[in-house]
1. Would you mind calculating the gained length between Leu412 and Leu4 on full extension (0.36 nm times residue separation, minus the Cα-Cα distance), in nm to one decimal?
2. Grab the Cα-Cα distance for Trp33 and Phe217, subtract it from 0.36 nm times how many residues apart they are, and report the gain in nm with one decimal.
3. What angle do you read, to the nearest 10 degrees and between 0 and 90, between the alpha-carbon axis of helix 153-162 and the longest principal axis of the chain?
4. Return the Rg/Rh ratio of the stretch 1-160 with Cα-based radii and a Kirkwood Rh.
5. What part of the accessible area of the chain, given as a whole %, is carbon or sulfur when the probe is 1.4 angstrom?
6. Taking only the Cα atoms of the stretch 333-372, how large is their convex hull per residue, in Å³?
7. Compute the long axis of helix 57-70 from its Cα atoms, compare it with the longest principal axis of the Cα atoms of the chain, and write down the angle in degrees, 0 to 90, nearest 10.
8. In the stretch 56-92, whose amide N lies under 18 Å from the spot 7 Å out along Cα-to-Cβ of Arg257? List them in ranges.
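The values are calculated or read from the model by the stated rules, or taken from the named source; none is laboratory data. Model, not experiment: these values are computed from the prediction. We place every Cβ from the backbone using ideal geometry, glycine too, and count neighbours over all the protein chains shown. Remember, those area values only see protein heavy atoms, side chains included, never the ligands or the DNA or RNA. Shrake-Rupley method; radii C 1.70, N 1.55, O 1.52, S 1.80 Å.
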Amino acid sequence: MMSLTILILFLVIMLMGVPIAVAMGMSAGIVLWWFDLPLSVLAQRMVNALDSTPLLAVPMFIFAACLFNASGITDRLFTLVRMLVGRIRGGLGHVSVLTSLIFSGMSGAALADIGALGGTQMRLMREQGYKPEFAAGITMAAATIGPIFPPSIPLIIFASAAEVSAVKLLLAGVVPGLIITVLLMVQIAVMAKRQNLPRDTIVVNARALLRQALVAFPALCAPLVLIGGLVSGLFGPTEVAGVTVVYALFLGFAVYRQLTLRGVWDAARETVRATASVLFIVGAAALFAWVLTIDQVPMLATEFFLHLSSSPFVLLMIVNVLLLVVGMFMESIAAILILAPILTPALLAAGVDPVQLGVVVVLNLMIGLLTPPVGMSLYMVSIMARMPLHRVIAGALPFFIPLLLSLLVVTLVPAVSTWFPSLFIR
């Protein structure tokens, strides 16, 4: 009865235009009061949800991404990738994907990738004759690599909510991230041939390429330091986030000498704003999920899913459909925190590896960033490119093909997610 009440209240409050996190907290608070549960639980559950060591990595990865931007590192990486692949047909599309892959090894968030790279990418594409819709679409699609390839903030959130090894989940994103990269580049190559997309106008010679490679090399080492720390066991997710921040400060002050104290202050302020938003969602969603848990919703969900089928693949396909729909209407972190405790026991009982499930859940919800009516990437790119939303959506449509194919591969082949972490963690 409580679960039905809280879901109805949540939908009503959300449809009134209240932010999702506030709607979750309000509906949970009303249910606690209505069913005569102690209101002290409200503060207790929210605080307990934030008392998590893996969650400490979230603000530090956000801070590191802000520092990399302030240090001019993203511009240097972008220029190097332009020199390497820009001269092929549709080159700036490939540059967008490869730069997002490299930057994803520093940021861990789709919107951070769009904020750091999107403006420059879309401006250059328009200047060189690309359709604005194509520029917007590939910018959004490439940004989905960020939350899959380590470090991934959504994967850390899933690990915390589902009580799965955060290190395993982060390493599990390596191969799926590379698959998304390859399939997006194949899609660009097909579109480049059909639409006769232009080549980049950048002038490249061996000396300039070598100089730019030397300049960008310290920045290129950042993802290697991160993944190497995780693989070697020297760092956990929280420690590696701290190391990434220190490395960003070192590059900004000692190597590139572009970072200033003012830049650090601005990065810290932006980190506080972003972290407050994320952690408020975490606390409210944890309270919401707790109400569902005490009403035995996870147990009922397990019985329901196992009644539908005992096949892991069938259940994963059902979960895919469910999450693709949820991603259209709910913010991704809130969806992870609510659904992870419900879905995980059910699919574990059917034999699904929790590491594979984490990647499947996050990839589904990252695709949701490109779908209306709540897709945050759509709105962010629409504002940055000053394009009507319907044109941004039209630009995203062709890139659903490689993203959904990637999701299908991750769903049907468990080894895609589990093989790499199994090499280093038993």
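1. Working it through step by step, the gained length comes to 143.6 nm.
2. Values: separation 184, 0.36 × 184 = 66.24 nm, distance 5.75 nm.
Full-extension gain reported as 60.5 nm.
3. Between the helix axis and the principal axis of the chain, the angle is about 20 degrees.
4. 1.14
5. The computed percentage sits at 70.
6. Working: hull volume 2.6 nm³, N = 40.
For the stretch 333-372, the hull spanned by Cα atoms encloses 65 Å³ per residue.
7. 20 degrees
8. Within reach of a label on Arg257, which here means backbone N under 18 Å from a point 7 Å along Cα→Cβ, the stretch 56-92 contributes 71-73, 76.
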